[in-house]
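Below is one structure, written out as structure tokens, with a few remarks after it.
The values are calculated or read from the model by the stated rules, or taken from the named source; none is laboratory data. The shown structure was predicted, so the numbers you read here are calculated from the model rather than taken from an experiment. FYI the Cβ positions are ideal-geometry reconstructions off the backbone, even for glycines, and counts take in every protein chain you see.
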Number of protein chains: 2
Amino acid sequence: MTAIATTQPRAALTDDARAELTALLGDRFSISGPVRDHHGKDESYHTPCPPDGVAFARSTEEVSAIVTICAKHKLPIIPFGTGTSLEGGIAALHGGITIDLSGMDRILRVSPEDLDVTVQAGVTRKRLNEHLRDTGLFFPIDPGADASLGGMAATRASGTNAVRYGTMRENVLGLTVVLADGRIIKTGGRARKSAAGYDLTRLFVGSEGTLGIITEVTLKLYGIPEAISSAVCAFQDIRGAVNTVIQTIQVGIPVARIELLDEVQMDAVNKYSKLSYAVAPTLFFEFHGTAAGVQEQAEMAAAIAQEHGGMEFAWATRPEDRSRLWQARHDGYYAALALRPGSKGWPTDVCVPISRLADCILETKKDLAESNMLAPMVGHVGDGNFHLVYVIDPDKPEEMAEAQRLNDRMVSRALAMGGTCTGEHGIGYGKMAFLEQEAGDAFAVMGDVKRALDPHNLLNPGKVVRV
Amino acid sequence: MTAIATTQPRAALTDDARAELTALLGDRFSISGPVRDHHGKDESYHTPCPPDGVAFARSTEEVSAIVTICAKHKLPIIPFGTGTSLEGGIAALHGGITIDLSGMDRILRVSPEDLDVTVQAGVTRKRLNEHLRDTGLFFPIDPGADASLGGMAATRASGTNAVRYGTMRENVLGLTVVLADGRIIKTGGRARKSAAGYDLTRLFVGSEGTLGIITEVTLKLYGIPEAISSAVCAFQDIRGAVNTVIQTIQVGIPVARIELLDEVQMDAVNKYSKLSYAVAPTLFFEFHGTAAGVQEQAEMAAAIAQEHGGMEFAWATRPEDRSRLWQARHDGYYAALALRPGSKGWPTDVCVPISRLADCILETKKDLAESNMLAPMVGHVGDGNFHLVYVIDPDKPEEMAEAQRLNDRMVSRALAMGGTCTGEHGIGYGKMAFLEQEAGDAFAVMGDVKRALDPHNLLNPGKVVRV
């Protein structure tokens, strides 16, 4: 359905290349249809686009060997973690080989005394947190999906906790990266700060596999807070909910999570997760700190909510209640799709300066009210970041066109307000035109960097930048 | 004194180039000896190396025009803020033109509701904070010197507050940058987070003028805490002081500042700032938060200090007492130099994972004890970052050699412990060999990026990377 603009021809997987990859990997190199199909589709509306083969890597050295073979044969290389990208990031637009990193699932080092950890790229965030359970530490970044940490680094993931703990940008200390010619480098390190040279770590974080293949990630960890407290608060209208968020941030309450779900999304959540929340714009809060600190934060936030038409805070104090609450929030995407069986989701997100958040959300809701599009809204609103899911039938061109029209308007609105075309979903190939609009002349500089590091355009070609 | 290894010849300022720069800037282009000399030396031991001319710019467009002229004539271009670099960052190693940005001193926009600000590159941190005084906001990054915010971005500055508020890496939202060919780009933006394309902002932050000239900076701001409290605590030995720091960080006390001064530095501070602290290893603390939060933090930290041989906390509660305390800390460098009139300072810093901090400091102190080198130690130890100043006569080769030997050992020690060759002073040309050692094969990638953005090696040549 989605138009893929490209002039680059599709590379052919020659017999020679196939033989070399099979010699290296044995049956961990696959050209079977189902395996290729599985690796060609993400969680979004984008048309599946399978690679010509899938290489299952187990080590950095193996990734390097695979890339070296691909470079020799000029085959595109697409890294794959858990396939939860939302903008077509894993589509093999020009053919080539997908490197599946899920087998690189070892936790290489945990240093509780330094609050850091090094993992292979295929370790997922949930598995890391399970592994850490006995240390009293946790890794906070939580994009909802149980994504791989390599994929999260590559896409600069964030999620519900970012308002307090930052995104992958702030939480990756160092990387091991395989370059386009197979060289292995390490970036960053374990020092908490450094003024030593170019920040290659941050250059690879968010580059979506177009500059190198991330194979190992060193991450900051945090002590599990002494006290955690979650609450749900429904509002009379969405303006009151958003203004509560704005004021909470402006007065500096160090809220750990502050999530907005509009009335459409709350209806979906109730149905999908068998809950009985009010069908009204709602904020989900979480507070982390000492017992006294959490109480102080919660009282301040509750007072602000009350001023803006918020109802009573409904507290979830037991861990299992908190888990249920956040699981319901995380299942929001699937809940949205379940509103219309057989549909697909076109998830999209923007992020604006917090002072413009109410305007951006209200104007977007007005657009939706004037359309027949089903599109629940959720948001990591403490960062100024919110999401829509256009719930569509991608086989109906008129629905695709309407989603495109609404999306164009929302992104343009966010950019006009000083915001960004994506707070956390990334560019892939779905938002490349928006990135060009947002970055202006800096878009060409991104292309210069790409050509310098990947002169033959082999790394995830067709994504993020034009070359 | 310092050997400058280079094969690139010194560029000549031709009559044509001079005429074009004068036509553009009038008497804001200077070739006078004193002006050139002033722009050729920083605050360190590095041999002064003046440019052939100094251009005083007032706007981004003017910087672009200057760079365009320099590019045409293949003249090196060195950006200059306040000249407080410590690794020779502003030395005109290959001749060329220094662009003095101190006249770009306008605060372009303050958005209290978004907690952000955009300034021209020449605005200093103190002037920004004076300007913000009535808004209830402040900009926390504080490297000691009243540096320009453009320079602080270009060198990824940090300082005493970084343990809580992060460094320039975490606090720059966006930049305006003039590229090597005169093009003007904007990077980043005002959204708190973004997954839109390569993180060019972080690429320019810390690039020390070698990839582009930063002309405008958008920064995060913070609410002035409801309560601030500072304290000084002397220790029986340095191990106790360092272990207090380690434990304070490990248990997650959100201390705003935690600074170590060794007994040599305390003696210097007492003499220079006419104070009467104990001549013993000492921690300076600062706590930010609500009144209750600050009290809680302070009690926890005091208990940890007591366990490790700390004396009573001496509190500075009045703002003027706090200012005096931190001014004394910030004057530490000048206090060190005053221990030996006529001397120069060779300031250096490393940063290690916090668990290695005690070993790194104690081994370094042992080296110093076995040498005759006067070298006070201070540190932003909450980050694992500490500094020495070798107080030397740079005209005595044996003193330079001894400083070099001690420095080589300290940096090698930090690297062996998983640390970095500089936590915040930067590379300039003084630490290029250490960067190469630290980065390994990634050093070549930095060169690739440099060549892509500055193919004729005109931007601050001879610094950070080899080309």
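Please indicate, with yes or no, whether at least one residue in segment B:451-467 is in contact (Cβ under 8 Å) with a residue 12 or more places away in the chain, facing chain A (nearest Cβ under 8 Å) and crowded, with 24+ Cβ neighbours inside 10 Å.
yes
Take the conditions in contact with a helix residue (DSSP H, G or I) (Cβ under 9 Å, 6 or more places away or on another chain), modelled with pLDDT of 95 or more and outside any helix (DSSP H, G or I) and apply them to residue A:422. Does it pass?
yes
Being outside any helix (DSSP H, G or I) and in contact with a Leu (Cβ under 7 Å, 6 or more places away or on another chain): is that true of residue A:44 here?
Judged against the criteria, residue A:44 is a match.
If I ask for residues that are within 21 Å of residue B:386 (Cβ to Cβ) and at the interface with chain A (Cβ under 7 Å from one of its Cβ atoms), which ones from segment B:422-450 would you list?
B:422, B:423, B:424, B:425, B:426, B:427, B:435, B:438 - these are the residues of segment B:422-450 that are within 21 Å of residue B:386 (Cβ to Cβ) and at the interface with chain A (Cβ under 7 Å from one of its Cβ atoms).
Out of segment B:171-199, which residues are at the interface with chain A (Cβ under 9 Å from one of its Cβ atoms) and under 20 Å from the mean Cα position of the chain (by Cα)?
B:177, the sole residue that qualifies.
Where residues in segment A:379-398 are more than 9 Å from chain B (Cβ to nearest Cβ) and part of a helix (DSSP H, G or I), which of them is nearest to residue A:460 (Cα to Cα)?
Once the filter is applied, the top-ranked residue is A:397.
Would you mention how many residues in segment B:136-166 are in a loop (DSSP other than H, G, I, E, B), more than 22 Å from residue B:113 (Cα to Cα) and either in contact with a Gly (Cβ under 7 Å, 6 or more places away or on another chain) or within 11 Å of chain A (Cβ to nearest Cβ) (or both)?
9
For residue B:192, are the conditions met, namely being part of a helix (DSSP H, G or I) and not assigned by TED's automatic domain parsing to the domain that holds residue B:61?
no
Among the residues of segment A:304-343, write down those that are within 16 Å of residue A:265 (Cα to Cα) and without any contact (Cβ under 8 Å) to a residue 12 or more places away in the chain.
Listed by number, the list holds a single entry, A:341.
Just name the residue that is farthest from the other protein chains (Cβ to nearest Cβ) out of those in segment B:98-114 that are out of contact with any helix residue (DSSP H, G or I) (no Cβ under 7 Å at 6 or more places or on another chain) and buried (at least 19 other Cβ atoms within 10 Å of the Cβ).
Per the criteria, the residue is B:102.
Do any residues in segment A:414-442 that are free of Cβ contacts under 8 Å to residues at least 12 places away in the same chain have Cβ atoms under 7 Å from those of residues that are buried (at least 24 other Cβ atoms within 10 Å of the Cβ) and of a type in the set (Ser, Thr, Tyr), where the two are at least six apart or on different chains, and which pairs are they?
Going by the 7 Å Cβ cut-off, the qualifying pairs are A:442/B:187.
Considering every residue within segment A:416-434, establish whether at least one is over 20 Å from residue A:368 (Cα atoms), of a type outside the set (Asp, Glu) and surrounded by fewer than 21 Cβ atoms within 10 Å (Cβ to Cβ).
Yes: one or more hits.
Given the residues B:401, B:414, which is the only one that is more than 30 Å from residue B:179 (Cβ to Cβ), more than 9 Å from chain A (Cβ to nearest Cβ), modelled with pLDDT of 95 or more and not in a strand (DSSP E or B)?
Criteria check complete, one pass: B:401.
So which residues in segment B:64-117 are of a type in the set (A, V, I, L, M) and in a strand (DSSP E or B), if there are any at all?
Listed by number, the residues that qualify are B:77, B:78, B:93, B:97, B:99, B:107, B:108, B:110, B:117.
Could you list, in sequence order, all residues of segment A:302-356 that are touching a His at 6+ places or on another chain (Cβ under 9 Å), of a type outside the set (D, E, K, R) and either within 28 Å of residue B:112 (Cα to Cα) or within 14 Å of chain B (Cβ to nearest Cβ) (or both)?
Answer for segment A:302-356, where residues must be touching a His at 6+ places or on another chain (Cβ under 9 Å), of a type outside the set (D, E, K, R) and either within 28 Å of residue B:112 (Cα to Cα) or within 14 Å of chain B (Cβ to nearest Cβ) (or both): A:347, A:348, A:350, A:351.
Residue B:196: farther than 22 Å from residue A:207 by Cβ and surrounded by 24 or more Cβ atoms within 10 Å (Cβ to Cβ), yes or no?
Spelling it out, it is not the case that residue B:196 is farther than 22 Å from residue A:207 by Cβ and surrounded by 24 or more Cβ atoms within 10 Å (Cβ to Cβ).
Sort out which residues of segment A:192-220 are in contact with a helix residue (DSSP H, G or I) (Cβ under 8 Å, 6 or more places away or on another chain) and more than 19 Å from residue A:452 (Cβ to Cβ), and write them in order of number.
Answer for segment A:192-220, where residues must be in contact with a helix residue (DSSP H, G or I) (Cβ under 8 Å, 6 or more places away or on another chain) and more than 19 Å from residue A:452 (Cβ to Cβ): A:192, A:193, A:196, A:215, A:216, A:217, A:219, A:220.
Restricting segment A:220-230 to residues that are buried (at least 21 other Cβ atoms within 10 Å of the Cβ) and not in a loop (DSSP other than H, G, I, E, B), which is nearest to the other protein chains (Cβ to nearest Cβ)?
A:229
Being among the polar types (S, T, N, Q) and touching a Gly at 6+ places or on another chain (Cβ under 8 Å) narrows it down to one of A:22, A:68, A:60, so name that one.
A:68
Residue-wise test of (1) small (Gly, Ala, Ser); (2) outside the structural domain of residue A:387 (by TED's automatic domain parsing); (3) over 30 Å from residue A:343 (Cβ atoms); (4) touching a His at 6+ places or on another chain (Cβ under 6 Å).
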position: A:415; (1), (2), (3), (4): no, no, no, no
position: A:419; (1), (2), (3), (4): yes, no, no, no
position: A:440; (1), (2), (3), (4): yes, yes, yes, no
position: A:454; (1), (2), (3), (4): no, yes, yes, no
position: A:461; (1), (2), (3), (4): no, yes, yes, yes
position: A:465; (1), (2), (3), (4): no, yes, yes, no
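If the requirement is being over 30 Å from residue A:399 (Cα atoms), within 29 Å of the chain's Cα centre (by Cα), of a type in the set (A, V, I, L, M, F, W, C) and at pLDDT below 95, which of these qualifies: A:11, A:5?
A:11
Does residue B:250 count as surrounded by fewer than 19 Cβ atoms within 10 Å (Cβ to Cβ) and either within 11 Å of chain A (Cβ to nearest Cβ) or modelled with pLDDT under 95 (or both)?
yes
Condition check ((1) aliphatic (A, V, I, L, M); (2) closer than 17 Å to residue B:360 by Cβ; (3) not assigned by TED's automatic domain parsing to the domain that holds residue B:117) across all residues:
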residue: B:203; (1), (2), (3): yes, no, no
residue: B:207; (1), (2), (3): no, no, no
residue: B:213; (1), (2), (3): yes, no, no
residue: B:219; (1), (2), (3): yes, no, no
residue: B:233; (1), (2), (3): no, no, yes
residue: B:241; (1), (2), (3): yes, yes, yes
residue: B:245; (1), (2), (3): yes, yes, yes
residue: B:249; (1), (2), (3): yes, yes, yes
